[in-house]
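The structure under discussion appears below in the form of structure tokens.
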Amino acid sequence: MSDADPAFVGRTGVVAAAVELFHTQGFDQTSVDQIARAAGMSRSTFFRQYGGKEDVVFADHEGLLEELRAFLAQPHDDPWAAVCDASVQVYQHFAADPELARRRYAVVRQIPALRDREIVTVFRYERLFDEYLRQALPGLDPLDAVGFSALVTAVHNHVLRRLIRGPRRVPVSVLTRALDDARRRFGVLPEESAPAPDDLVVAVFPRRTPSAEVARRLRDALSE
């Protein structure tokens, strides 16, 4: 994710302005005109770019999803690791301003419509990961694709909740370790030490490793 992207930075700034108003004076008590003024834009521009009040709360997610689609469209040697790297990118965005993440969480918890919207937003990340794995690993069992995508999303959300529910920062290393453990449990974490080169190649995989991943690793090993 590029922090220098003016469109993304601008979108995040508008989200911050809106969330601050919602947090201080209430969601229902805040008007679109107030948000537009706080963000330094006209009412018509706000509606054109961000929709309504519910939309602006999650507007930076739209930018994040665009960034992740572009990231996953690039070549990756290990698709499973790429999904985890994408999760880390999202976490780093929110960890960069934990107070904003906490204020937004407080606002969302109070409004049923926002809680519903949050569920849909989380599912969009899971679906993006699922679709990417199926495309990157032809022949992958759909249950393995959706299972790993759901696992990564759940692990990410658990660590993010630790960040926004507590007063302390939660370093990204907490998430990366948890994601490594998820890959290990799923059978797609490569061994840390590579075998010595030899004419004979012996491959050992956990029984739970998806067959498409076994084929990918064997293909890569034999082509070296």
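The values are calculated or read from the model by the stated rules, or taken from the named source; none is laboratory data. The shown structure was predicted, so the numbers you read here are calculated from the model rather than taken from an experiment. In this analysis, Cβ positions are derived from the backbone assuming ideal geometry, glycine residues included, and neighbour counts consider all displayed protein chains. Accessible surface areas use protein heavy atoms only, side chains included; no ligands, DNA or RNA. Shrake-Rupley method; radii C 1.70, N 1.55, O 1.52, S 1.80 Å.
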Item checked: Between 0 and 90°, nearest 10: helix 142-165 axis offset from the chain longest Cα axis -> 50
Checklist line | Relative contact order %, the chain, counting alpha carbon pairs below 8 Å whose residues are six or more apart | finding: 19
Next item on the list: Give the ranking of ARG48, ARG184, ARG219, ARG115 by solvent-accessible surface, highest area first, calculated with a 1.4 Å probe.
Entry: ARG48, ARG219, ARG184, ARG115
Notebook entry, point to check: Across bins of 5 angstrom width beginning at 0, how are the C-alpha pair distances of segment 1-147 distributed, in whole percent?
Noted result: 2, 9, 18, 19, 18, 13, 10, 7, 4, 2, 0
Check: Quick one: if you stick a label point 7 Å off each Cα along the C-beta vector at ASP141 and ARG208, how many nm between them?
Finding: 1.2
Check: If ligands, DNA and RNA are left out, what is the accessible area of ASP77 with a 1.4 Å probe, given in Å² to the nearest 10?
Finding: 140
Next item on the list: State the Kirkwood hydrodynamic radius of segment 85-224 in Å, one decimal place, computed from all pairs of distinct Cα atoms.
Entry: 17.2
Checklist line | Charge context of GLY26, other residues only, Cβ under 15 angstrom, K/R +1, D/E -1 | finding: +1
Check: For the chain, which whole percent of the accessible surface, found with a 1.4 angstrom probe, sits on carbon and sulfur atoms?
Finding: 53
Checklist line | Mean ellipticity per residue at 222 nm, deg cm²/dmol - from DSSP H runs of n ≥ 4 across the chain, formula -39500 (n - 2.57) | finding: -23500 deg cm²/dmol
Notebook entry, point to check: Which net charge results for the neighbourhood of VAL204, defined as the other residues with beta-carbon distances under 12 angstrom from its beta-carbon, given Lys and Arg at +1 and Asp and Glu at -1?
Noted result: +1
Checklist line | Angle between the chain longest axis and helix 112-136 axis [Cα atoms, degrees, rounded to 10] | finding: 30
Note to self: At 37 °C and a viscosity of 0.692 mPa s, what translational diffusion coefficient does Stokes-Einstein give for segment 142-182, taking Rh as the Kirkwood radius over Cα pairs? Give it in µm²/s as a whole number.
What the structure shows: 303
Notebook entry, point to check: To the nearest 10 square angstrom, what accessible area does THR45 show with a 1.4 Å probe?
Noted result: 30
Next item on the list: With only Lys, Arg, Asp and Glu charged, each at its Cβ (+1 for the first two, -1 for the last two), find how big the charge dipole of the chain is about the Cα centre; round to the nearest 20 debye.
Entry: 1020
